[in-house]
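Peer 1: The structure is given below, and queries will be raised subsequently.
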Amino acid sequence: MENIKKTIRTIPHFPMKGIMFRDITTLLKDANAFKETIDALVDRYRHQSFDVVAGIESRGFIIAGVIAYLLGTGFIPIRKPGKLPAETYRVDYELEYGNDAIEMHKDSVNQGSRVLIVDDLLATGGTMKAACEIIEKAGGDVVECAFIVDLPDLKGREKLKDYQVFTLVEFEGE
């Protein structure tokens, strides 16, 4: 996992002063690190029981879409407001630097569907918590919340204490 961590770029003070943004676009362009990331996640979930993979806009789409394809499941996009054309569920939440909302088509999840939710980074946990709530609002069950990066200093796992959480790498106190 050290190769994965080394390929993630840190951008100080983005999107605002005091934020150390962990940018996975450098990981994505590195063929070996991208493959190692996908392989590690697919290996973890290959023998777990779930029906569909949900990805959170936008970097979560990249990882979740590949995992869904390789594991032979469907993919559900969880998007920013106003991006989906059919009837949606919506959940508002707080970010480490403001407020936001996410939406998902109401027909994305069948009652009792087991859902793996994927995003690139766990910071405060607000976005993922909202994603879990939206899946449950639709009648689904969250199997696990998966991330490439965890920022444990921001205590996102505490917000997700009712869910299984898996991460590949951590950036602590940096």
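Peer 1: Mind listing just one residue for me: the one in segment 1-42 that is of a type in the set (Lys, Arg), under 25 Å from GLY98 (Cβ atoms) and out of contact with any helix residue (DSSP H, G or I) (no Cβ under 8 Å at 6 or more places or on another chain) and, of those, modelled with the highest pLDDT?
Peer 2: Per the criteria, the residue is ARG22.
Peer 1: Name the residue, out of LYS129, LYS106, that is surrounded by fewer than 17 Cβ atoms within 10 Å (Cβ to Cβ) and of a type in the set (Lys, Arg).
Peer 2: Working: LYS129 fails: surrounded by fewer than 17 Cβ atoms within 10 Å (Cβ to Cβ).
The match here is LYS106.
Peer 1: When the residues of segment 10-60 are filtered to those that are among the aromatic types (Phe, Trp, Tyr) and closer than 15 Å to PHE166 by Cβ, which remaining residue is surrounded by the most Cβ atoms within 10 Å (Cβ to Cβ)?
Peer 2: Ranking the qualifying residues of segment 10-60, first place goes to TYR45.
Peer 1: Take segment 80-103 and flag every residue that is surrounded by 14 or more Cβ atoms within 10 Å (Cβ to Cβ), among the hydrophobic types (A, V, I, L, M, F, W, C) and part of a loop (DSSP other than H, G, I, E, B).
Peer 2: Hit for segment 80-103 is LEU84, nothing else.
Peer 1: Taking segment 109-122 on its own, how many of its residues are part of a loop (DSSP other than H, G, I, E, B) and surrounded by fewer than 24 Cβ atoms within 10 Å (Cβ to Cβ)?
Peer 2: Matching residues across segment 109-122 total 4.
Peer 1: Could you list, in sequence order, all residues of segment 137-169 that are free of Cβ contacts under 8 Å to residues at least 40 places away in the same chain, of a type in the set (Asp, Glu), outside any helix (DSSP H, G or I) and surrounded by fewer than 19 Cβ atoms within 10 Å (Cβ to Cβ)?
Peer 2: Selection gives ASP141, ASP162.
Peer 1: Applying the selection to segment 45-102, what residues are of a type in the set (Gly, Ala, Ser), under 25 Å from MET20 (Cβ atoms) and in contact (Cβ under 8 Å) with a residue 60 or more places away in the chain?
Peer 2: Across segment 45-102, the qualifying residues are GLY55, GLY60.
Peer 1: Here's something else I'd like to know. In segment 39-48, what count of residues is obtained for those that are part of a loop (DSSP other than H, G, I, E, B) and either more than 14 Å from CYS145 (Cα to Cα) or out of contact with any strand residue (DSSP E or B) (no Cβ under 7 Å at 6 or more places or on another chain) (or both)?
Peer 2: Selection size over segment 39-48: 2.
Peer 1: Next question. What do you reckon, is GLU103 within 14 Å of GLU57 (Cα to Cα) and at pLDDT 95 or above? Can you show your working first?
Peer 2: Working: within 14 Å of GLU57 (Cα to Cα): yes; at pLDDT 95 or above: yes.
So GLU103 passes the test.
The values are calculated or read from the model by the stated rules, or taken from the named source; none is laboratory data. Computed from a predicted structure; not experimentally measured. A quick note on method: Cβ atoms are made from the backbone with ideal geometry, for glycine too, and the neighbour counts reach across all protein chains shown.
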